[in-house]
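Coordinate-derived values only; no laboratory data. Keep in mind the model is a prediction, meaning the values are calculated, not measured. Note: ideal-geometry Cβ built from the backbone for every residue, glycine included; neighbour counts use all protein chains shown.
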Amino acid sequence: MPGEGRERTLLIDRCWSIYLLLTEHFSVPSAFHEEFPVLVERATHSGLFHLTVRLSDGHSLYIREEYDVTGHQLHVGSYSYTLTGPGGDPLFRADPLPHHRTDHRKRPLAAFPHHLHDPSGRILSFSGDISDFTALVKQHTNQSR
Amino acid sequence: MTKAELIRRVSSGALPTDTVLTDLARELHDFEAKYHMRSEVFHALIVGTPAEDTPDFVNWAMCYRSYFRTLQAKFSLKTLAPYAR
């Protein structure tokens, strides 16, 4: 379980990398820094990290990651990364559910089962890396200014 | 916040397992009320099918698995052993 020794350390490392990613690239509310350790502690009990952050331009970013630990490695078993607009409308969402093999143009997904849902509901290739999702968020929120 | 501060705060043990279970159970209940479906039924009918790939259902499935994982950690085999006699 993530709550024990080595697993706990790996989980905190992962969450810390998410914290750095978000605070380096986005303007987050001050409450975010207070709330974050509580969310990490919750994840050490449940193996599920769940974060919602409202960005300064009104967009919201939802991050959910479910962790498995095997040996000395922590794996993100499942995840859901979602960006919604200021009105709560879903824009981009990434997940690794294995129900799509091709993108909307019928090309094989570059990193199956990872994929992205765009604002039109189309399926696109996605690496599975959270930093690629936050880069997309940054690109989208910059464009919509 | 520094990493050392994060570790210190996470390691303070201020959050009891029961609180985490209560939060997860509340979230499961919210999904159940929204979709008029018990989590067990949702898991049997939806998880593993293409219908799972919607925002709520992805989150519901993760919440369901996490609830069980947290329960299993709380009631370890050692804890339950006396009741197996």
Response to the item:
Given B:3-13, A:128-138, the highest-first ranking by average Cβ count within 10 Å works out to A:128-138, B:3-13
Discussion item. Let me confirm one metric for peptide A:33-43, namely the mean number of other chain beta-carbon atoms within 10 Å of its residues' beta-carbons.
Written reply: 5
Response to the item:
Each residue of B:15-24 has, on average, a number of other protein chain C-beta atoms within 10 Å of its C-beta equal to 4
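Work out how much length residue A:34 to residue A:127 would gain on full extension: take 0.36 nm times their residue separation and subtract the Cα-Cα distance, in nm to one decimal. Kindly include the intermediate steps, with their values, before the conclusion.
Working: separation 93, 0.36 × 93 = 33.48 nm, distance 3.05 nm.
Length gained, residue A:34 through residue A:127: 30.4 nm.
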Worksheet, complete the sentence: Simple spin-label estimate for residue B:44/residue B:71, 7 Å along Cα→Cβ, in nm, reads 1.5
Worksheet entry | Cα pair distances in the protein assembly as shown, grouped into 5 Å bins until the bin that holds the longest one, percent each | 1, 6, 13, 16, 19, 18, 14, 8, 3, 1, 1, 0, 0, 0
Item to complete: Compute the normalised compactness of the stretch A:72-139: alpha-carbon radius of gyration over 2.2 N^0.38 Å, N being the residue count.
Response: 1.12
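What number, in percent, do you get for the relative contact order of chain A if the mean sequence gap of Cα pairs under 8 Å and at least 6 apart is divided by its residue count? Don't jump to the answer; show the numbers that get you there.
Details: 248 pairs, mean separation 22.5, N = 145.
Across chain A, relative contact order equals 16 percent.
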Worksheet item: Within the P(r) computed for chain B, what percentage of the Cα pairs occupies the region above 16 Å?
Response: 64
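In µm²/s, what is D for the stretch A:1-108 at 25 °C and 0.890 mPa s, where D = kT/(6 pi eta Rh) by Stokes-Einstein and Rh is the Kirkwood radius from Cα pairs? Provide the component values of the computation, followed by the final result.
Values: Rh = 15.2 Å.
D = 161 µm²/s.
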Worksheet item: Across peptide A:132-140, what mean number of C-beta atoms from other chains lies inside 10 Å of a residue's C-beta?
Response: 0
Worksheet item: Per the helix-only calculation at 222 nm, which mean residue ellipticity applies to the protein assembly as shown, given -39500 (n - 2.57) for every DSSP H run of n ≥ 4 and division by its residues, nearest 500 deg cm²/dmol?
Response: -15500 deg cm²/dmol
